[in-house]
Amino acid sequence: MESNKLFFQENGYMILKGFFSIEEINNLLKDAKNIFLKQFIKKKYIKKTNLEDIPDTIFNNHLYRLFNEDIECLSNCGKQVQHLITLHRLSISVKVTELLTHYGLKTPVISTRPVLFFNHPKLAKKKVFYKVDAHQDWRSMQGSLNSLVIWIPLIDIDKNLGALEILPGSHLKGLRTKKMESGFGMVELSDKEKQQLKSVDVKQGDALIFSSLLIHQSGENITKEPRWSCHFRYNDLDDPSFLERKYAHAYVYKPIEELITNDFPSIDDILKIYG
């Protein structure tokens, strides 16, 4: 573990093989897909059935159809995915917090809510929604200087599926963000740096931990299936610079003021629940 820590300090990342059990990752993936399945059934794309009985190809085709026919519904499903209990439970597991402590966070604290992605060109109206070019996560976090990101594949992800591409050691060269794009702190790479990018193949159960200052980007997904992954971000309450900056926090969460569904709920709607 100490050699791993030394490698991390020098390179800004570490691949942890088999860090999570296949069972807990599959449970999370199943919960995420079931959110979409409920809408597939509601829209009569498919008869009522269990997720296990649907081939991935069929599921993906329905996912792409939902994007084309009702993007609001797909977007709302994507929002609910971010609030899965299995997702949040994974992000605060004892195993994860012990890992954060080992890699230098004396008092880990969540930077922002966990994020779960299902990226594919067929599920995006803009490139940045399925492939993000070189960027640093610290620019959107603006937390402790030793803040960490844990990136987790929910399926086996290789170069064909758009595996993450990293620039080893780039965390030591400071903040290089030139502009913000859809919440990402974009970085301009030299031709030499582009050649030094390393594609990181990972399997289900693996975890990739890296400094929030590490430059990285999405690979190109050239397959017919989405790239399912999630990532967690953490700050350190004991980082002196974070203390000095009054625990700066870059995220704003608030409800919209408008009523989403007009004339809802009625008394009848409520009585259907409470009888």
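The values are calculated or read from the model by the stated rules, or taken from the named source; none is laboratory data. These numbers come from a predicted model, not from an experiment. Backbone-built Cβ (ideal geometry, glycine too); neighbour counts: all protein chains shown.
Residues in region 219-246 that are touching a residue at least 40 places away in the same chain (Cβ under 8 Å) and within 14 Å of SER147 (Cα to Cα): HIS231, PHE232, ARG233, TYR234, ASN235, ASP236, LEU237, ASP238, ASP239, SER241, PHE242. Look at (1) on the phi > 0 side of the Ramachandran plot; (2) in a helix (DSSP H, G or I) and you find that GLY18 fails only one, number (2).
Take the conditions (1) over 11 Å from HIS135 (Cβ atoms); (2) buried (at least 20 other Cβ atoms within 10 Å of the Cβ); (3) touching a helix residue (DSSP H, G or I) at 6+ places or on another chain (Cβ under 8 Å); (4) not small (Gly, Ala, Ser); ILE157 misses just one of them, which is (3). Being farther than 26 Å from TYR45 by Cα and of a type in the set (D, E, K, R) is a description that applies to LYS95.
For region 214-258, how many residues are of a type in the set (Ser, Thr, Tyr) and within 18 Å of the chain's Cα centre (by Cα)? Within region 214-258, residues that are of a type in the set (Ser, Thr, Tyr) and within 18 Å of the chain's Cα centre (by Cα) number 5.
From the list PHE19, PHE36, the lone residue that is among the aromatic types (Phe, Trp, Tyr) and under 30 Å from LEU172 (Cβ atoms) is PHE19.
Within region 37-55, the residues that satisfy the criterion of being in a helix (DSSP H, G or I) and more than 21 Å from the chain's Cα centre (by Cα) are LYS38, GLN39, PHE40, ILE41, LYS42, LEU51, GLU52, ASP53. Here CYS73 clears all of (1) more than 26 Å from ASP239 (Cβ to Cβ); (2) outside any helix (DSSP H, G or I) except the condition numbered (2). If the condition is being in contact with a Ser or Thr (Cβ under 6 Å, 6 or more places away or on another chain), buried (at least 20 other Cβ atoms within 10 Å of the Cβ) and over 30 Å from ILE71 (Cβ atoms), then region 109-151 contributes TRP138, GLY143, SER147. Of the strands (runs of 3 or more DSSP E) lying entirely inside region 157-275, those containing at least 2 residues that are modelled with pLDDT of 95 or more and touching a Gly at 6+ places or on another chain (Cβ under 9 Å) are 207-211, 227-236.
Touching a residue at least 40 places away in the same chain (Cβ under 8 Å), under 13 Å from the mean Cα position of the chain (by Cα) and within 25 Å of ARG89 (Cα to Cα): is that true of ILE157 in this structure? Considered against the rule, which asks whether it is touching a residue at least 40 places away in the same chain (Cβ under 8 Å), under 13 Å from the mean Cα position of the chain (by Cα) and within 25 Å of ARG89 (Cα to Cα), ILE157 comes out as no.
The set of residues in region 77-118 that are aliphatic (A, V, I, L, M), under 16 Å from TRP151 (Cα atoms) and assigned to a strand (DSSP E or B) comprises ILE110, VAL115, LEU116. The residues of region 160-198 that are on the phi > 0 side of the Ramachandran plot and loosely packed, with under 12 Cβ neighbours inside 10 Å, listed by number, are GLY174, SER182. Residues of region 1-49 that are of a type in the set (Ser, Thr, Tyr), more than 24 Å from VAL149 (Cβ to Cβ) and surrounded by 13 or more Cβ atoms within 10 Å (Cβ to Cβ): TYR45 alone. Restricted to region 52-67, and to residues there that are surrounded by 16 or more Cβ atoms within 10 Å (Cβ to Cβ) and of a type in the set (A, V, I, L, M), the residue that is nearest to VAL81 (Cα to Cα) is LEU63.
Could you count how many residues in region 221-266 are surrounded by fewer than 18 Cβ atoms within 10 Å (Cβ to Cβ), in contact with a strand residue (DSSP E or B) (Cβ under 7 Å, 6 or more places away or on another chain) and of a type in the set (Phe, Trp, Tyr)? Going through region 221-266 one residue at a time, the tally reaches 1.
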